[in-house]
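Quick notes on the structure that follows.
The values are calculated or read from the model by the stated rules, or taken from the named source; none is laboratory data. Predicted model only: the values in this text are computed from it and were never measured. Cβ sites come from the backbone with ideal geometry, for glycine too, and all protein chains shown count toward neighbours.
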Amino acid sequence: MNLTATSTDSIEQELVELEALIARIRARQSTLIGEIDRRQVPLGDGCRTLVEWVGSRLDVAPETARMLARLARCDADSVVGLLAEGDATFDRTVELARLAEVDTPPVGPMLGFDIAGLRRFIARKRRVEKVTEQDAFDGRHVVMQPNLDESLWKLWGTLPGYEGSVVDQVLTARAERFPTPPDGNSLTLAQRRADALVAVCQDATGGEGGVTAAVTVFVDAATAGSSAGEAGVSIESGPRVGPKTLERILCGGNVEVTALSAEGEPLSIGRRSAVVPPKLRRYVLWRDGGCAIDGCTSRYRLEAHHIAPYSEGGGTDADNLAAVCWFHHHVVIHGMGYAIDPDSPPQRRRFLKPEPGPDPP
Ligand SMILES: [Zn+2]
Ligand SMILES: [Zn+2]
């Protein structure tokens, strides 16, 4: 059909008229489907639900079948009337039928809202329903499930709307306060929020040094002194930690490290010297006056990091220590694998890119 000679106004008018025609057709369909429902035809045909029956017999998508079934079962006369009289489109009438499920529907078609606005209005109505609110409160839970050796934890759960938004806002605000990692913005929002959750919890422990007080780490003496360290170590309370975590723990201030012989006997080989003594730590933090990374102004949970790793022979002395903020220390250095360039000036430390791993980038 050639429409070049047709005016835009009449095209628009015809479109609107066709939508009204669809509404009248759907109105008739929903009346017929209502009758099918009353006769319990779907059950007799072996369908579990009316939606399933409509979807299969009319060859329509489940969403369309749901809309038709909803209208067929809507017993608010004002809603059904609007559709039959052509005073509201099919989509608008479906929304009004949803409204009728939670509230008394208005007599008119609510033309003050577009369909999206109508949906938001109904969502608000649903949310304040007392029963739903009580369910959300009663169903609140957080599950933390460790794997067998506690090297990984899974978290999930649900929170009521208000409480959920409190947690969401705190995590987002904390994540946004973290500096940008050296490679730009490679961290996903989910990763940043995971870091934020840990940071918030560490604030609650009140301890300094990034590790909870009085954690004892048992190190396999045969591997702890080498960069291998892959044998892993166990923290007294249970979790098995890998070499990355061990390096981070050795930067912390409140950890007692016990070395074990190959037979598992405790050895006294002075590993405790790896942990930065409080006096030295205070000096390094004072000397650097904040995070030593070039451009970082954070003073959040400053920690003294070993520039040359302890496991590679780096000493626990002021020259080999740099004050770094929690994010740079925990996430960028010990998490993402960046190292501090030992040749960079002490108060303007720069990063060296991580060594490429076994997998190609
Ligand atoms: Zn460190
Ligand atoms: Zn920093």
Discussion item. Condition (residue is within 13 Å of ligand 2 (Cβ to nearest atom) and on the phi > 0 side of the Ramachandran plot) applied to the range 327-342: is it met by at least one residue?
Written reply: no
Worksheet, complete the sentence: For the range 285-321, the count of residues that are within 12 Å of ligand 1 (Cβ to nearest atom) and more than 18 Å from GLY337 (Cα to Cα) equals 2
Item to complete: Identify all residues within the range 322-345 that are more than 28 Å from the chain's Cα centre (by Cα), away from ligand 1 (no atom under 12 Å from the Cβ) and crowded, with 16+ Cβ neighbours inside 10 Å; write none if there are none.
Response: SER344
Discussion item. Which count do you get for residues in the range 59-88 that are over 40 Å from the mean Cα position of the chain (by Cα) and loosely packed, with under 14 Cβ neighbours inside 10 Å?
Written reply: 3
Practice prompt. Select from the range 93-146 the residues that are outside any loop (DSSP other than H, G, I, E, B), closer than 21 Å to ILE25 by Cα and out of contact with any Phe, Trp or Tyr (no Cβ under 9 Å at 6 or more places or on another chain) and list them in ascending order.
Written response: THR93, VAL94, LEU96, ALA97, ARG98, ILE115
Worksheet item: Does the range 265-274 contain any residue that is aliphatic (A, V, I, L, M), at pLDDT 85 or above and either within 12 Å of ligand 1 (Cβ to nearest atom) or within 36 Å of the chain's Cα centre (by Cα) (or both)?
Response: no
Worksheet entry | In the range 131-154, the residues that are among the β-branched types (Val, Ile, Thr) and closer than 30 Å to GLU101 by Cα | VAL131, THR132
Discussion item. Could you list, ordered by first residue, the pairs with Cβ atoms under 8 Å in which the first is in the range 155-184 and on the phi > 0 side of the Ramachandran plot and the second is part of a helix (DSSP H, G or I) and surrounded by 11 or more Cβ atoms within 10 Å (Cβ to Cβ), at least 6 apart or interchain?
Written reply: none
Fill in: Pair list, Cβ under 7 Å, 6 or more apart: the range 300-322 residue among the acidic types (Asp, Glu), other residue assigned to a strand (DSSP E or B)
GLU303/VAL324
Item to complete: For ASP168, state whether it is acidic (Asp, Glu) and exposed (fewer than 15 other Cβ atoms within 10 Å of the Cβ).
Response: yes
Worksheet item: Can you find a residue in the range 152-175 that is of a type in the set (Phe, Trp, Tyr) and part of a loop (DSSP other than H, G, I, E, B)?
Response: no
